């Protein structure tokens with residue numbers, strides 16, 4: 001088992017492809033970019049570098065609904081392209097010339113551009129007078145070249161996020177590397193801590209429609225839940241979603257699963273887009289309790305989430321699955337933070353386990369938390385419909401859930417080792433195992 005863990009730590013040992021390179025533009029914890037709606041965007045570039053950045057931006061999850069087309073030629077090509085065709089929702093034009101050339105190109109474009117089209121200009125002139133003139137002429141944004149992927153993503157998304165609107169909710173996805181590892185327990189306790197400790201309005205969305213346990217864990221039995229929304233997509237709006245939510249605490253609500261077997265729950269990849277878009281517009285934090293299954297919609301929810309937490313138990317199957325999931329998420333989300341992971345149910349008596357440091361070596365990252373096996377505490381909480389902190393405020397697992405909630409919500413940045421918040425507990429646990 002340890003030998004295989006060491007092989008996983010070395011991709012060359014299994015002839016595996018290398019991990020996707022990390023993004024050169026790391027996202028700060030408070031730099032939250034709202035996804036763009038379903039719009040059309042056309043970019044007219046003057047340089048290969050800007051065209052490459054636009055191509056990379058088109059693959060970003062926040063522009064998943066955007067139809068992006070990239071051409072070369074700058075403002076002149078844009079003006080020529082729209083002489084006999086309607087303009088898209090957004091036009092991005094790049095000009096490497098002087099201020100006069102930029103303004104002249106805009107004048108040409110204005111003759112053929114629809115009044116509702118928004119224009120983003122990319123130039124190399126860093127001048128306040130030019131910026132003011134562009135603003136006066138109705139340009140929505142001005143970016144100074146060279147631009148990166150996130151610069152373009154932020155600019156396009158910002159066009160559709162009015163300053164007067166509330167901040168768009170942050171989606172945190174929690175999924176198990178294997179069934180039965182306690183991912184739902186971690187998700188529910190983390191959400192409860194987010195609501196209680198940070199007074200952040202949150203919604204737990206139980207996506208295991210057939211066997212979900214969120215209603216049991218929060219001692220709730222709502223008559224409606226997420227199934228009512230996903231099977232009635234045409235009815236989804238703010239008022240409809242509010243009626244489906246069950247109040248758990250002052251700051252925590254539940255969108256429960258029906259947990260019945262009277263129908264099957266086969267969905268398309270975009271089945272949950274409407275309900276999540278509605279939640280985003282009203283709730284600062286949405287915690288997704290994603291079941292351990294691999295379908296189009298589970299993959300879409302994971303790749304489109306703002307942050308991901310993979311929960312694993314310390315055995316070989318969990319190690320393999322967690323590595324596969326995290327490698328895929330890193331490659332699919334090159335402009336996002338790496339997914340987090342935590343180890344749960346550590347220290348089961350007489351069970352051979354992979355040690356946390358071996359797990360960390362294989363996954364090339366430290367666990368966000370190492371949660372010890374405590375059947376008495378977790379069993380009592382589950383049977384009573386309570387969270388761990390409600391049963392025992394000072395229990396070390398409760399402290400860990402709070403630390404995980406702090407990192408996942410951006411209230412504290414994880415250090416490079418990702419173990420700094422919990423290092424005293426990790427050291428104590430490892431000494432006990434040794």
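Just so you know, all these numbers are worked out from the coordinates, no wet-lab data involved. Quick caveat, the model's predicted, so the values are computed rather than measured. Note that each Cβ is placed from the backbone with ideal geometry, even for glycine, and that neighbours are counted across all protein chains shown.
What to note about this one:
- Averaging the Cα positions of each part gives two centres, and for the range 247-280 and the range 147-208 these lie 14 Å apart.
- Between the helical axis of 99-110 and the longest alpha-carbon principal axis of the chain there is an angle of about 90 degrees.
- Among beta bridges identified by DSSP and lying wholly in the chain, the antiparallel ones come to about 5 percent.
- Sorted by Cβ neighbour density within 10 Å, fewest at the top, the residues 398, 56, 85, 193: 85, 56, 398, 193
- Spin-label model, residue 201/residue 324: points 7 Å from Cα along the beta carbon direction are separated by 4.0 nm.
- Neighbour-count ranking [beta-carbon atoms within 10 angstrom, fewest first] of 235, 196: 235, 196
- Folded to 0 to 90 degrees: helix 375-384 orientation relative to the chain principal axis, Cα: 70 degrees
- Axis of helix 183-198 versus longest Cα principal axis of the chain: the two differ by about 70°, to the nearest ten degrees.
- Likely footprinting exposure, 353, 49, fewest C-beta neighbours within 10 Å first: 49, 353
- The gain in end-to-end length when the residue 350 to residue 104 segment is fully stretched comes to 80.9 nm, 0.36 nm per residue minus the alpha carbon separation.
- Between residue 59 and residue 395, full extension at 0.36 nm per residue minus the direct alpha carbon distance yields a gain of 116.6 nm.
- Maximal additional length on extending the residue 249-residue 160 stretch stands at 28.8 nm, based on 0.36 nm per residue less the C-alpha distance.
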